[in-house]
Amino acid sequence: MKHLIAPSLLSADFLNLQRDIEMINRSEADWLHLDVMDGVFVPNITIGIPVLQAIGRLCQKKMDVHLMIVEPQKFIPELAACGTYMMNVHYETCPHLHRTVHAIREAGMKAGVALNPHTPVSLLEDILEDIDMVLLMSVNPGYGGQKFIEHSVEKTRKMREMIDRRGLQTLIQVDGGVNLETGRRLLEAGADVLVAGSFVFKSGEPENVIRKLKEL
């Protein structure tokens, strides 16, 4: 499978979201990555359900929603109604992860599980067969534009080995500090989906940058 590119709307111009979403629609991006933060699990607050509903009416790409919030299971019906394709919840916020993952899938969405930089991939051993994607954070979640954590490359390689050893089709997504150089190394390590925010939206030529990421 050719790798996928999911630009992160967190780095877009929030005064011109329609313009930036229409740019994503025209681009070679595969998904649109949407970060929802609550100011509790992470030290920032972003968008909520009303904004996701509005984005869902305009977005022509698959919506990849990353919930950096406590109790994400409360919002499964709302996210499904918004047209979410992939709902990502954090391992660190889900004490009943198996139940949450199955509720996501029963609502008609794909289920992803995100790991903070310090959380080892081995903790997904008992849930891996039930999920569609693992989201590896290569920065500490909460803000865009952070420096890439180098250990993420080896972490991606370990995750790839675990998936391949079991013969699974689970995708690996990496989010944080992705550019052409780090993106190439992550793909070589086994990543399937690259999330890029600042590198795309702050570039001055976002469609061209998305094209270059897609060509890696």
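Every number here is computed from the coordinates shown, using simple stated rules; none is lab data. Bear in mind that the values here come from a model prediction, so they are computed numbers and not experimental data. Cβ sites come from the backbone with ideal geometry, for glycine too, and all protein chains shown count toward neighbours.
Residue-level check: of (1) closer than 27 Å to ILE45 by Cα; (2) touching a residue at least 24 places away in the same chain (Cβ under 8 Å); (3) surrounded by fewer than 16 Cβ atoms within 10 Å (Cβ to Cβ), GLU125 misses just (1). Highlighted here are the strands (runs of 3 or more DSSP E) found entirely within region 1-77 that include at least 1 residues which are touching a Cys at 6+ places or on another chain (Cβ under 6 Å) and either under 27 Å from HIS102 (Cβ atoms) or among the polar types (S, T, N, Q) (or both): 31-37.
Checking each residue in region 187-216 for being more than 18 Å from GLN173 (Cβ to Cβ) and polar (S, T, N, Q) picks out SER203, ASN208. Selection over region 30-64 of residues that are hydrophobic (A, V, I, L, M, F, W, C), out of contact with any helix residue (DSSP H, G or I) (no Cβ under 6 Å at 6 or more places or on another chain), surrounded by fewer than 16 Cβ atoms within 10 Å (Cβ to Cβ) and within 19 Å of ILE76 (Cβ to Cβ) gives a count of 1.
Checking the conditions here, which among VAL139, VAL153, VAL113 is over 15 Å from the mean Cα position of the chain (by Cα) and of a type outside the set (Asp, Glu)?
Numbers: VAL139 fails: over 15 Å from the mean Cα position of the chain (by Cα); VAL113 fails: over 15 Å from the mean Cα position of the chain (by Cα).
Answer to the check: VAL153.
Look at region 156-176 and say how many of its residues are within 13 Å of the chain's Cα centre (by Cα) and of a type outside the set (A, V, I, L, M, F, W, C).
Initially, region 156-176 is screened for residues within 13 Å of the chain's Cα centre (by Cα), giving 171-176.
Restricting the remaining residues to those that are of a type outside the set (A, V, I, L, M, F, W, C) gives 173, 175-176.
Residues meeting the conditions: 3.
May I ask you to list the residues in region 110-120 that are surrounded by fewer than 21 Cβ atoms within 10 Å (Cβ to Cβ) and of a type in the set (A, V, I, L, M, F, W, C)?
To start, the set of residues in region 110-120 that are surrounded by fewer than 21 Cβ atoms within 10 Å (Cβ to Cβ) comprises 110, 115-120.
The one that is surrounded by fewer than 21 Cβ atoms within 10 Å (Cβ to Cβ) and of a type in the set (A, V, I, L, M, F, W, C): LEU115.
Of everything in region 87-99 that is surrounded by 13 or more Cβ atoms within 10 Å (Cβ to Cβ) and within 14 Å of ASP126 (Cβ to Cβ), the residue that is nearest to the chain's Cα centre (by Cα) is TYR91.
Yes/no per residue for (1) part of a helix (DSSP H, G or I); (2) of a type in the set (Phe, Trp, Tyr); (3) surrounded by fewer than 17 Cβ atoms within 10 Å (Cβ to Cβ):
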residue: LYS155; (1), (2), (3): yes, no, no
residue: LYS158; (1), (2), (3): yes, no, yes
residue: ASP164; (1), (2), (3): yes, no, yes
residue: LEU168; (1), (2), (3): no, no, yes
residue: GLU181; (1), (2), (3): yes, no, yes
residue: LEU186; (1), (2), (3): yes, no, no
residue: ALA191; (1), (2), (3): no, no, no
residue: LEU194; (1), (2), (3): no, no, no
